[in-house]
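Down below is the structure, laid out as structure tokens.
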Amino acid sequence: MSRGCMKQKNPFFLKEYSIDEPYCGRNEEQKDLGDYARELKHTVLYSPRRTGKTALIKRVQKTLSQEGAVCIYVDFFGVVSVDDIAVRLAQAVFAETRSRETLFRRAVKAIECFRPITDNNPLQSEKQADTGVELAQGQVSGMDLLESVLRSLGKFIYESSELVHFALDEFQEITTLAKAEQIETLLHDHIHRHAAAYTFIGSRRTVLCRMFTTASRPFFQEAVLVELPGVPAGKMASFIARQFASQGKICDPEIAEQLVSAVSCFPYYCRKLACIVFEYSHNEVTAEDVENGISLLLMYEEPFFEGVFLGLAPGQIALLRAIAREPVKSIFAKDFLRRHRLGSIGGAQGARKKMVMLDMIEFRQQKWWIVDPVLEQWLVKNRVHAC
Ligand SMILES: Nc1ncnc2c1ncn2[C@@H]1O[C@H](COP(=O)(O)OP(=O)(O)OP(=O)(O)O)[C@@H](O)[C@H]1O
Ligand SMILES: [Mg+2]
């Protein structure tokens, strides 16, 4: 509970990103991605987790929609099968078009293999209502179903006079599925022929970028690679100070900078830490409020980190812990392996490969580092047991 004035409303959201959230900068990236889409150029938008890709593409799509484009957002996070890809694509098209009658009719006509079903909750507006899909009678499944949906999308795009833009978020997740190679080839064969702009988004940078930079892969050189840079720290600090001020709290520029640098300016953590600090500070934010906020942030994130660790092998956890405590030039240096009890070079090689693939570690400024700055602090502070 706030110890400050009860009427002050916390300006920082804790929920999933909403387009109505206060937003800091990124005008240039927004313009570039919009321009690529207008030119029907495909793009790959990549950066570490929690750095603002989804928020950015949603804003890009909002602008394009205001210009009349049809913007379809599909999230492949947690995708489990080829049928699931087909469902998500069809569902996203119906959800986007359902409030525009002519478009919706066109979508329903084009996507024959699925029928939209709407969960009409009286508390939700028409735009918010959930749109599900059910398989039309006599329809196929697996690769045939995906092929049918992709063909239908082609028809829908062909019949649309408007620009059609697809954002495929966490696109690299398709590589985790059985028949991944076939799926990638099929998606490419159709997307290549679609007169639409696609943005492929992902946080597992190595996996995603390899799809577009490996000569033997279908999507090779099919898209412009756009690495999302960090928001400049000064800009983020001013933004945060302004949000505090908008609710009558004082957050001096120095304190705002301290807050931002404590989480290496990762937008998700800036927002969450600012939210916590706002909640627990008096009318003027102090350095101590930020320090306390960091402790709480680490505590709040703990279940998430523990969840991630459940899927890791002991050797991988040990490597993360070692790198957090001692960023290093060579993981395979004998001293480093010995000091952190990482076992054999072979084991460490396997762990490094997996951690790079999951985008949990990266090599920058001549050293290996943990990608997520809060995970790094948590690993340093906590005795994480590798086994
Ligand atoms: N430019 C920004 N200004 C203010 N807040 C931002 C900005 N960008 C992102 N955020 C905040 O950070 C949160 C995380 O952003 P977002 O979900 O877009 O990251 P992401 O890169 O897509 O993460 P993930 O890879 O985990 O999906 C958002 O909910 C939003 O509140
Ligand atoms: Mg995202």
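The values are calculated or read from the model by the stated rules, or taken from the named source; none is laboratory data. What you see is a predicted model; the values in this text were computed from it and never measured. Reconstructed Cβ throughout: ideal geometry from the backbone, glycine too, with neighbour counts over all protein chains shown. When the accessible area is computed, the model is the full protein with side chains, heavy atoms only, and any ligands, DNA or RNA have been set aside. Shrake-Rupley method; radii C 1.70, N 1.55, O 1.52, S 1.80 Å.
Of all residues in segment 118-136, those satisfying the criterion of being assigned to a loop (DSSP other than H, G, I, E, B) and either under 29 Å from residue 33 (Cβ atoms) or modelled with pLDDT under 70 (or both) are 120, 121, 122, 123, 124, 125, 126, 127, 128, 129. Just checking, does segment 32-43 include any residue being open to solvent by 50 Å² or more (accessible area, probe 1.4 Å), of a type in the set (Ser, Thr, Tyr) and touching a residue at least 24 places away in the same chain (Cβ under 8 Å)? Within segment 32-43, one or more residues are open to solvent by 50 Å² or more (accessible area, probe 1.4 Å), of a type in the set (Ser, Thr, Tyr) and touching a residue at least 24 places away in the same chain (Cβ under 8 Å).
Among the residues of segment 26-50 satisfying the criterion of being of a type in the set (S, T, N, Q) and in contact with a Ser or Thr (Cβ under 8 Å, 6 or more places away or on another chain), which is nearest to ligand 1 (Cβ to nearest atom)? Looking at residues that are of a type in the set (S, T, N, Q) and in contact with a Ser or Thr (Cβ under 8 Å, 6 or more places away or on another chain), I get 47. Taking into account only those residues within segment 22-33 that are within 16 Å of ligand 2 (Cβ to nearest atom) and outside any helix (DSSP H, G or I), which is nearest to residue 196 (Cα to Cα)? Ranking the candidates gives 26 first.
For segment 341-356, the criterion of being in contact (Cβ under 8 Å) with a residue 60 or more places away in the chain, in a helix (DSSP H, G or I) and surrounded by 15 or more Cβ atoms within 10 Å (Cβ to Cβ) is met by at least one residue. Scan segment 357-376 for residues that are of a type outside the set (A, V, I, L, M, F, W, C) and surrounded by fewer than 21 Cβ atoms within 10 Å (Cβ to Cβ) and jot them down. Within segment 357-376, 362, 364, 365, 366, 367, 373, 376 meet the criteria. Residue count for segment 34-86, restricted to those that are part of a helix (DSSP H, G or I) and either aromatic (Phe, Trp, Tyr) or more than 11 Å from ligand 2 (Cβ to nearest atom) (or both): 18.
Rundown of residues vs (1) modelled with pLDDT under 95; (2) over 12 Å from residue 22 (Cβ atoms), yes/no style:
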position: 240; (1), (2): no, no
position: 258; (1), (2): no, yes
position: 265; (1), (2): no, yes
position: 283; (1), (2): yes, yes
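Being touching a residue at least 60 places away in the same chain (Cβ under 8 Å), closer than 24 Å to residue 47 by Cβ and not charged (D, E, K, R) narrows it down to one residue among 228, 319; which is it? That would be 228, the only listed residue that is touching a residue at least 60 places away in the same chain (Cβ under 8 Å), closer than 24 Å to residue 47 by Cβ and not charged (D, E, K, R). Every condition in (1) more than 20 Å from the chain's Cα centre (by Cα); (2) within 15 Å of ligand 1 (Cβ to nearest atom) is met by residue 54 except one, and the failing one is (1). Figure legend. Inter-residue proximity from segment 65-86: first residues under 24 Å from residue 162 (Cα atoms), second residues small (Gly, Ala, Ser) and more than 16 Å from ligand 1 (Cβ to nearest atom), beta-carbon distance below 7 Å, spacing 6+ or different chains. Indicated pairs: 70/160; 71/65; 72/92; 73/92; 74/92. Selection of segment 217-255 for residues being over 30 Å from residue 158 (Cβ atoms) and of a type in the set (Gly, Ala, Ser) yields 230, 233, 234, 237, 238, 241, 245, 246, 248. The set of residues from segment 223-240 being of a type in the set (Gly, Ala, Ser) and either in contact with a Leu (Cβ under 9 Å, 6 or more places away or on another chain) or more than 26 Å from residue 277 (Cα to Cα) (or both) comprises 223, 237.
Residues checked against (1) within 16 Å of ligand 2 (Cβ to nearest atom); (2) surrounded by 18 or more Cβ atoms within 10 Å (Cβ to Cβ):
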{"site": "170", "(1), (2)": "yes, yes"}
{"site": "181", "(1), (2)": "no, no"}
{"site": "204", "(1), (2)": "yes, yes"}
{"site": "225", "(1), (2)": "no, no"}
{"site": "238", "(1), (2)": "no, no"}
{"site": "241", "(1), (2)": "no, yes"}
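Number of residues in segment 137-180 that are part of a loop (DSSP other than H, G, I, E, B), away from ligand 1 (no atom under 16 Å from the Cβ) and over 12 Å from residue 110 (Cβ atoms): the value is 11.
Table: residues versus (1) hydrophobic (A, V, I, L, M, F, W, C); (2) not in a loop (DSSP other than H, G, I, E, B).
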| position | (1), (2) |
| --- | --- |
| 277 | yes, yes |
| 282 | no, no |
| 290 | yes, yes |
| 296 | yes, yes |
| 300 | no, yes |
| 304 | yes, yes |
| 308 | yes, yes |
| 312 | yes, no |
| 316 | no, yes |
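Would you be able to tell me the number of residues in segment 72-107 that are of a type in the set (A, V, I, L, M, F, W, C), buried (at least 18 other Cβ atoms within 10 Å of the Cβ) and within 16 Å of ligand 1 (Cβ to nearest atom)? The number of residues fulfilling the criteria is 3.
Hey, can you tell me all the residues within segment 207-221 that are touching an Asp or Glu at 6+ places or on another chain (Cβ under 8 Å) and part of a loop (DSSP other than H, G, I, E, B)? Listed by number, the residues that qualify are 217, 218, 219.
Only one of the numbered conditions (1) touching a residue at least 40 places away in the same chain (Cβ under 8 Å); (2) under 23 Å from residue 15 (Cβ atoms) is violated by residue 260, and that is (1).
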